[in-house]
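First comes the structure, then the notes that go with it.
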Amino acid sequence: MSADRQEQQQDPQPTQKKQEKTEKQKNLYEPYVTPRPLYELLRVIAIVVLHLIARIRIRGRYNIPRKGPYIIVSNHLSWTDVPLVPLHVPGRVVYMAKEELFYSKLGWLVRFLGAFPVKRNWADRQAIRAAGEQLQKGKVFVIFPEGTRSKSRALGKAFNGLGMIALRAGVPVLPVAIWGSENVLKKFGAEVTISYGEPLHLKPKGAKMTREDIEEATETVMLKIAEMLPPQYRGYYGDQPPVVKES
């Protein structure tokens, strides 16, 4: 048997595995839908447990829209931010989470929470498309645009995917500032403050969205979050003008 013929017989298996891997990755972008009774039960349990182990103060609850679609954008200090930030948000939420989590031991939990992956090192158009699809379905979309937790507590520079998603979807953006959550797992009764700002309505300057529009939209949201945070948490956006105008 010739080497070429042997190679042809061996090719289908790697190709099939590659197709299966691609299909699996594609499915990750469709968030798992937890049955509503179970979702509401877990929601109540989360509220009770978090209020038992921490002293949670909520500011600006009246700014939370009653229903989607809209985008929640928050700074990120601890994995406890995932349940804390949308704690009192009515309805279901979906998350964008770093791709690495989906292939870790906690991958099943990340999926169960209704998250889909994003590649952080470059513009992940598939993730941006998935976010838009969820917003078209009327979902509430939660994003932590720094891409990772801040170990120093300081607000880091955001990825511009935030601005692209917001401008493409044309839905309100709810800026959220959270602090104290970095102590929840270290100290019983830690004080946590969650501040919800007024929804922002972001639009491109012209008929066509530009890179400048995307960068400006991202900065507008992050400056608003920085404005709501205590000075020691403002980090990258701390030396920026505190007043933010909606575009």
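Quick note: the coordinates plus some simple rules give every number you see, no bench work behind them. What you are looking at is a predicted structure, and each value in this text was computed from that prediction instead of being measured. So basically every Cβ, Gly included, is an ideal-geometry build from the backbone, and we count neighbours across all protein chains shown.
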Just want to confirm a number: the relative contact order over region 138-247, from Cα pairs under 8 angstrom separated by 6+ residues, in percent.
30 percent
Pairs to check: Lys151/Lys205; Lys157/Lys208; Lys67/Lys187; Lys137/Lys187. Give those whose C-alpha atoms are more than 28 Å from each other in this structure.
Lys151/Lys205; Lys67/Lys187; Lys137/Lys187
With the 8 Å Cα cutoff and a minimum separation of six or more residues, region 33-235 has a relative contact order in percent of 29 percent
Computed about the Cα centre, the charge dipole of region 31-90 from +1 Lys/Arg and -1 Asp/Glu charges at the Cβ has a magnitude in debye, to the nearest 20, of 260 debye
